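> The structure that follows is given in the form of structure tokens.
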Amino acid sequence: MTETQKKQIVRMRKKGRGYKTIASAVGLSRDIVRTFCKKRHMSGFGEAFVLNDREKADEYKRCLNCYGHIRQPKKGRPKKFCSEECRRDWWKQHPEEIKKRETALYRIKCAYCGMDFIAYGNKGRKYCGHPCYIYDRFYEREESKK
């Protein structure tokens, strides 16, 4: 089983799909999918699993991304994710959840192309993107030598 198949199984299971549906979509047998889900505590009926795990995730007993178990620290803030990888994946899939402050938005003019762009949280940015940085930094010197 490949990593992409594993991610597909977890994603489809979170949406409440059954073992048979997932198996046909991923191209594996139903038993392989069921065993994979049982090892990751994602067994049971699809719809019941989703409702049960959402409740547990709300209580921070399970990871928000993969619904795996989380060991909560005795002190400090409760964890929402089981690993750094899960945290990154979840925020990549949920960009609308990011709370951006209006005071941290800065309108800046690109040093290379002159286009206006908005930078969040960094008023010291000079370039609108990586390509402008590369062209300004490296290609200007080569063109001036010729």
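> Would you tally the residues in segment 1-10 being free of Cβ contacts under 8 Å to residues at least 24 places away in the same chain and surrounded by 15 or more Cβ atoms within 10 Å (Cβ to Cβ)?
Total satisfying the criteria: 2.
> Any chance segment 95-112 includes a residue that's in contact with a Cys (Cβ under 6 Å, 6 or more places away or on another chain) and over 29 Å from Phe138 (Cβ atoms)?
No; the residues of segment 95-112 include none that is in contact with a Cys (Cβ under 6 Å, 6 or more places away or on another chain) and over 29 Å from Phe138 (Cβ atoms).
> Are any residues in segment 11-35 closer than 16 Å to Gly68 by Cα and free of Cβ contacts under 8 Å to residues at least 12 places away in the same chain, and if so, which ones?
Arg11, Thr35
> With respect to Tyr127, is the statement that it is of a type in the set (Phe, Trp, Tyr), open to solvent by less than 70 Å² (accessible area, probe 1.4 Å) and part of a loop (DSSP other than H, G, I, E, B) true?
Yes; evaluated as a whole, the condition is true for this residue.
> Before we move on, is Glu55 under 21 Å from the mean Cα position of the chain (by Cα), modelled with pLDDT under 80 and either exposed (fewer than 13 other Cβ atoms within 10 Å of the Cβ) or part of a loop (DSSP other than H, G, I, E, B) (or both)?
So Glu55 fits the description; yes.
> Could you identify the single residue in Arg101, Arg77, Arg62, Arg87 that is closer than 26 Å to Tyr120 by Cβ and either surrounded by 11 or more Cβ atoms within 10 Å (Cβ to Cβ) or touching a residue at least 40 places away in the same chain (Cβ under 8 Å) (or both)?
Just one listed residue meets the conditions, Arg87.
> Six or more apart or on different chains, Cβ atoms under 8 Å: show the pairs whose first residue is in segment 110-130 and at positive phi and at pLDDT below 95 and whose second is open to solvent by 70 Å² or more (accessible area, probe 1.4 Å) and assigned to a strand (DSSP E or B).
Between residues of segment 110-130 that are at positive phi and at pLDDT below 95 and residues that are open to solvent by 70 Å² or more (accessible area, probe 1.4 Å) and assigned to a strand (DSSP E or B), there is no close pair.
> Kindly indicate whether any position in segment 30-46 is open to solvent by 70 Å² or more (accessible area, probe 1.4 Å), part of a helix (DSSP H, G or I), modelled with pLDDT of 85 or more and hydrophobic (A, V, I, L, M, F, W, C).
Yes: segment 30-46 contains one or more residues that are open to solvent by 70 Å² or more (accessible area, probe 1.4 Å), part of a helix (DSSP H, G or I), modelled with pLDDT of 85 or more and hydrophobic (A, V, I, L, M, F, W, C).
The values are calculated or read from the model by the stated rules, or taken from the named source; none is laboratory data. Just so we're clear, the structure is a prediction, and the values are computed from it rather than from any experiment. Here Cβ is always computed from backbone atoms with ideal geometry, including for glycine, and neighbour counts include all displayed protein chains. Quick note on the areas: whole protein, heavy atoms, side chains included, nothing else; ligands and nucleic acids left out. Shrake-Rupley method; radii C 1.70, N 1.55, O 1.52, S 1.80 Å.
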